[in-house]
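Worksheet: the structure to be examined is printed underneath.
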Amino acid sequence: MALLDRIKGSSDVKALTNAELAALAGEIRREIIEVTSKNGGHIGPNLGVVELTLALHRVFETPRDRFVMDVAHQGYVHKLLTGRAGPKFKKIRQGGGLSGFLMREESEHDCYGAGHAGTALSAALGMAAARDLNGTNEHVVALLGDAALTCGITMEALNNVATSTKRLIVVLNDNEWSIAKNVGAISTYLNKLITSPTYNRKHHDLESFLKGIPGGDSLIELGSRAKKEAKDFIVPSSLFEKFDLRYLGPIDGHDLPLLIQYLEFCKKSDRPVLLHVLTKKGKGYDVAINNPEKFHGTSPFDIATGQSTPVKPGTPPNWQDVFGKTLAKFAKANPKIVGITAAMPSGTSLSHLAKEVPKQFFDVGIAEEHAVLFAAGLATSGLHPLCAIYSTFLQRAYDPIIHDVALQNLPVAFCMDRAGLSPNDGPTHHGLFDIAYLRTVPRAVIMQPKDEDEMVDMLHTALQHQGPAFMRYPRGPAMGVKIKDQPTAIPIGQAEVLREGRDIVIWALGPMLQDAAKLADKLAAEQGVSVGIVNARFAKPLDTELLYQHARSAKLIVTMEDHVMMGGFGSAVLEALNQAGLSTPVERIGWPDNFVGHGSSVAELRAQNGLSPEEIEEKVLRRWKMACKLGQTSCPA
């Protein structure tokens, strides 16, 4: 029987010998490699924390003790150690399988769910403060990646640790990579700590010396200020101790006995402590070690070679690549265009810009608020900045969008990748809320292209526009449409009629036009209904002139969007008709007022949420028949 099959919780880990722990680490790595090769997922981060997670479960006891993992994409090992090995783990990130992140509803051992970076320290500090108020004595451990220190939320939490609790354990898992190579002063500082043998030797020698003299133990306890000064003499700034956390390390994050020893010490600390561990992303799988950016989060791959599953011949390029290559082309021709990413150059395809015109590329780290404010500053000085940020992550920058860009009417373009579903990742990564949260912002222009040629035109339009402009587009392959040689600016707020219709007119955004065309064909063939189709292009401003014309001539308006219905494009249409005093019925097609889970595909999740082609047709047909009755007109046979 495999060791992994026997592990149901921390008590089982504690019962293993050191040799068995080492063997279990090997089993866990093999299981993670095998499963992610089929499903894709965050392989590199999880292989890097195998020993660290084993040590945490050896020293602490969940669910009583609490592990708060930043992003929680490195939680696969924790799942395997808390009774979740087996069929559901083998389907991780697929329909019917485990989530790729920690989720409170999935297990009592997951004390906090997360999918965005920088949340762990604040949440853990809240748990520690609550423990102190409740008079209980459980341990709270925050597990941070080094990239989390580039995130403003983490720094805000760090500022509050000493005034909020006397007992908190922070483990800094330093692998020098988040997704892309870390950037900025914090990364440089950590590198100095890691590469300063003088500091590490002096730190160790000081404690050894004090232990060897009478009363030395007391001096160690009372001499923290002297140790801080010693560290400051050797290293320019002892950052964490400036925030009143006792700093330990750096230590080897793959040395299990050493990790256990240090965590046992942290467990007894009567003041907040930070343990700095050095790990190797992808440990145990050379292909992942040699390609850390690709294997941070990967699609299915061949274990022997690391090669991703081949793309089927004839598959169109991804939306991301069309965007990235086009921006690089535009930037080459115009030195005023600059691109900004928040630690996602590869995911957003700004890597093309970084390669072609590096002086016009900025990676600000995991700092979306700063990215937008930085762009605002650039825009005041005659540049035309573009922020490429996933829809779900742009939520973090909502205040700077309103206060710093829109209020000042600055020419900043925003390209929102992953608008719609990121099916395997689930609710933390779906981009289903951007139209609603941006539509309320004065001066915002919100658009979505129907194909890659229109994407190029919209990008050109956004970079010509002298105000805030937002373009949203989904993950995955585009439509396979040829891009013309020269882009054409699209008049702001102008929709495009693709098909005329007398009875029903469908107003659709982006890739939903494909669904609209299939629906129109089916209604015409089976019901004899004349259905028009409009490529709305803009969620704001709407083409109200065309909309009012259709509302006066058709019996039913249908809106289709890859976005929640609450406050979305369909709501905008309803508001516009209401304002004009038009009572034409409107059937809105979009995602329900709920968080959509993870699944194997977009089609699977649509079917689970009432958005299969059959259900959409049924909704529209039912509303069409109601409209006919209200109009006292017979429907076509």
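We did not get these values from a lab; they are worked out from the coordinates using the rules stated. Worth saying up front: this structure is predicted, and the values here are computed from it rather than measured. Because the Cβ atoms are built from the backbone with ideal geometry, glycine has one as well, and the counts that use them run over all protein chains shown.
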Subtracting the Cα-Cα distance of Lys268 and Leu582 from 0.36 nm times their residue separation yields 106.1 nm
If R0 = 45 Å, then Ser612 and Leu258, at their Cβ-Cβ distance, give a FRET efficiency to the nearest 0.05 of 0.25
Proxy reagent accessibility, fewest Cβ within 10 Å first, across Tyr76, Tyr390, Tyr437, Tyr285
Tyr437, Tyr285, Tyr390, Tyr76
Which listed residue (Pro345, His403, Val322) has the Cα farthest towards the positive end of the charge dipole for segment 267-422, taking +1 on Lys and Arg C-beta and -1 on Asp and Glu C-beta about the Cα centre?
Pro345
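So what is the relative contact order for the chain, in percent, with contacts set as C-alpha pairs under 8 Å and at least six apart?
In percent, rounded to a whole number, it is 11.
In segment 334-472, what is the volume of the convex hull around the alpha carbon atoms, normalised per residue and reported in Å³?
Cα convex hull per residue, to the nearest whole number: 104 Å³.
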Exposure-ranked with fewest Cβ neighbours within 10 Å first, Asp363, Asp515, Asp70, Asp302 stand as Asp302, Asp515, Asp363, Asp70
Past 27 Å, Cα to Cα, is the threshold; run Lys91/Lys281; Lys450/Lys625; Lys332/Lys482 against it and keep the listed order.
Lys450/Lys625
Pulled fully out, how much extra length does the chain show between Asp286 and Glu545, if you take 0.36 nm times their separation in residues and subtract their Cα-Cα distance?
87.2 nm
The chain pair-distance distribution - Cα-Cα, 20 Å bins, rounded %
18, 46, 28, 7, 1, 0
With +1 on each Lys and Arg Cβ and -1 on each Asp and Glu Cβ, how big is the dipole of segment 334-472 about its Cα centre, in debye rounded to the nearest 20?
240
Does segment 521-637 classify as rounded, prolate or oblate by the C-alpha gyration tensor (a ≥ b ≥ c root eigenvalues; a/c under 1.5 gives rounded; else a/b over b/c gives prolate, otherwise oblate)?
oblate
Under the Karplus relation with 6.51, -1.76 and 1.60 and θ = phi - 60°, whole-Hz ³J(HN,Hα) for segment 272-287, x at Gly and Pro, equal x, 9, 10, 9, 9, 10, 9, 10, 10, 4, x, 3, x, 9, 4, 4
Can you list which of the trypsin sites (Lys or Arg not before Pro) found in segment 75-104 are DSSP loop residues with at most 16 other C-beta atoms within 10 Å?
Lys91, Arg104
Enumerate by residue number the trypsin sites (Lys or Arg not before Pro) in segment 496-552 meeting two conditions: DSSP loop (anything except H, G, I, E, B), and at most 15 other Cβ atoms within 10 Å of the site's Cβ.
Arg502
Please name which of Leu498, Ile303, His563 has its Cα lying farthest along the dipole of the chain towards the positive end, using unit charges on Cβ (Lys, Arg +1; Asp, Glu -1) and the Cα centre as origin.
Ile303
Multiply the residue gap between Asn134 and Asp5 by 0.36 nm, knock off their C-alpha separation, and tell me the result in nm, one decimal place.
42.8 nm
With a point put 7 Å past each Cα toward its Cβ, work out how far Gln494 is from Thr440 in nm, to one decimal.
3.2
Once a ≥ b ≥ c are taken as the square roots of the eigenvalues of the Cα gyration tensor of segment 1-127, is the result rounded (a/c under 1.5), prolate (a/b larger than b/c) or oblate (a/b not larger than b/c)?
oblate
TM-like helix rule applied to the chain (DSSP H, alpha carbon span at least 20 Å on the long axis, mean Kyte-Doolittle at least -0.5) gives 18-39, 120-134, 319-333, 512-527
Using the beta-carbon distance between Asn409 and Lys336 and R0 = 22 Å, what value does 1/(1 + (r/R0)^6) give for FRET efficiency, to the nearest 0.05?
0.80
For segment 496-630, the dipole about the Cα centre with charges only on Cβ (Lys and Arg +1, Asp and Glu -1), to the nearest 20 debye, works out at 400
